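*Asks:* The structure is given below, and queries will be raised subsequently.
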Amino acid sequence: MAKKLLLAGYFGFDNSGDDAILKAMVDNLKKLNKDLDLTALSKDPEKTAKTYNIKAANRFSYKEVRREMKNTDVFVFGGGSLLQDITSSRSLYYYLFLLKMAYTFKKPVFIFANGIGPINKAFNRRLTKKVLDKAAYITLRDQSSYNFVRALGVKNDHIEVTADPVFLLESSSDARVDQILEDQNIVLSDRVLGISLRQWQKSPMLSREVAKFCDSLVEEDLDILVLPMHYPYDVEYCQQIKTLSKNKRVHVIDSKYEVEDLIGLLKRCQLVMAMRLHALIYAAKANVPVIGLVYDPKLAGLINDLSIREYIKVEDLTKERLREKYDLAMEDLEDRAQSMFIANKRQEDLAQRTIEILEETLL
């Protein structure tokens, strides 16, 4: 009989990064064994089931979650940044509840390439330590998460640093990207700067400063392609850049596309300014140099893993500082692209290691 795996994450919220995580997990688990019985916990189970050709249950229905947990063989937790209390303690408690339920039903728990932390409240740290110590295996997507887990006092002997599963995905074809640009009524030159932003409460002037930076490029012969990652929230925010900027060559992708499409679009760029973590990963998959816009520790960890030289804290971002980073990055694009290619291949191998560990330990 086929093994049953229950997958948990931030699924069904139309967030490109988390959608990409689920797609990478499903694709590679099916490559491992096409007969695996996969079920995901989702905010929109009907859409998730249809999109990924798997079963899905309502993550907010205690009855459905309990049923699936009771019937599964392995609980696969992640990826993404699920165990943290920066967003809220409520979110952390939800995921800790899932893990405790798995242990109650005596199900082996596989932590799948998680980014863990920050967890600031002492009570939350104690709870998290307890549940992680009971996991059958913990794989983490970056070294900073490993350091954080050990700082919590987790004694689990089965911990390994791998990489985000999205590194296992590929881009859409050139023909598909051409069709997307045509559908969006966007014509790009050979020189394109990609930008991916999100709203951040600690930086209320962010969109205005980025718009001013775009104004500083008016005399440059290049197009600016703005790619939202969380639909529709990032779209509404990114449109502000186009509205505020005097640069007529700012283009915003205003429809939701698959992760492979976004990687393909980023391949058309010479350079990408990435704020969301998975925008940074998509750029790496496209072998395009990146300027990191850091608003969260998880980005700092990945920037280090990808050997990215130019980055700036979002709270410190001004038009002048962004232009300085841009000018530095444009000086040696070929060397930076080659460095990104090497780092991407390293991350691909580490991401594949997560699948291998799951097979070796639980399947």
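The values are calculated or read from the model by the stated rules, or taken from the named source; none is laboratory data. Worth saying up front: this structure is predicted, and the values here are computed from it rather than measured. We place every Cβ from the backbone using ideal geometry, glycine too, and count neighbours over all the protein chains shown. Quick note on the areas: whole protein, heavy atoms, side chains included, nothing else; ligands and nucleic acids left out. Shrake-Rupley method; radii C 1.70, N 1.55, O 1.52, S 1.80 Å.
*Asks:* Give me a count of the residues in region 102-117 that are surrounded by 15 or more Cβ atoms within 10 Å (Cβ to Cβ) and not in a helix (DSSP H, G or I).
*Replies:* Matching residues across region 102-117 total 11.
*Asks:* Condition check: within 23 Å of Y231 (Cα to Cα), without any contact (Cβ under 8 Å) to a residue 24 or more places away in the chain and small (G, A, S). Does A49 satisfy that?
*Replies:* For A49, the condition - within 23 Å of Y231 (Cα to Cα), without any contact (Cβ under 8 Å) to a residue 24 or more places away in the chain and small (G, A, S) - is met.
*Asks:* Same structure again: Within region 129-161, can you find the residues that are hydroxyl-bearing (S, T, Y) and farther than 15 Å from S81 by Cα?
*Replies:* If the condition is that a residue be hydroxyl-bearing (S, T, Y) and farther than 15 Å from S81 by Cα, then Y137 is the only one that fits.
*Asks:* Right, here's the next one. Within region 262-274, track down each residue that is closer than 22 Å to D327 by Cα and either assigned to a helix (DSSP H, G or I) or modelled with pLDDT under 95 (or both).
*Replies:* L266, the sole residue that qualifies.
*Asks:* Right, next: Taking the residues in region 26-79 that are hydroxyl-bearing (S, T, Y) and farther than 13 Å from G9 by Cβ as candidates, determine which candidate is least open to solvent (accessible area, probe 1.4 Å).
*Replies:* T72
*Asks:* Report yes if L99 is touching a Gly at 6+ places or on another chain (Cβ under 8 Å), without any contact (Cβ under 8 Å) to a residue 60 or more places away in the chain and part of a helix (DSSP H, G or I), otherwise no.
*Replies:* In short, no.
One line per residue, one yes/no per condition, for (1) of a type in the set (S, T, Y); (2) exposed (fewer than 14 other Cβ atoms within 10 Å of the Cβ); (3) closer than 30 Å to N120 by Cα:
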position	(1), (2), (3)
M275	no, no, yes
I281	no, no, yes
Y295	yes, no, yes
I312	no, no, yes
E320	no, yes, no
A329	no, no, no
M340	no, no, no
N344	no, no, no
E359	no, yes, no
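*Asks:* Could you tell me which residue of region 1-46 is nearest to the chain's Cα centre (by Cα), considering only residues that are closer than 26 Å to L96 by Cβ, among the charged types (D, E, K, R) and at pLDDT 95 or above?
*Replies:* Here the answer is K23.
*Asks:* So which residues in region 281-295 are in contact (Cβ under 8 Å) with a residue 40 or more places away in the chain, closer than 19 Å to F167 by Cβ and within 16 Å of the chain's Cα centre (by Cα)?
*Replies:* I281, Y282, A283, A284, K285, A286, V290
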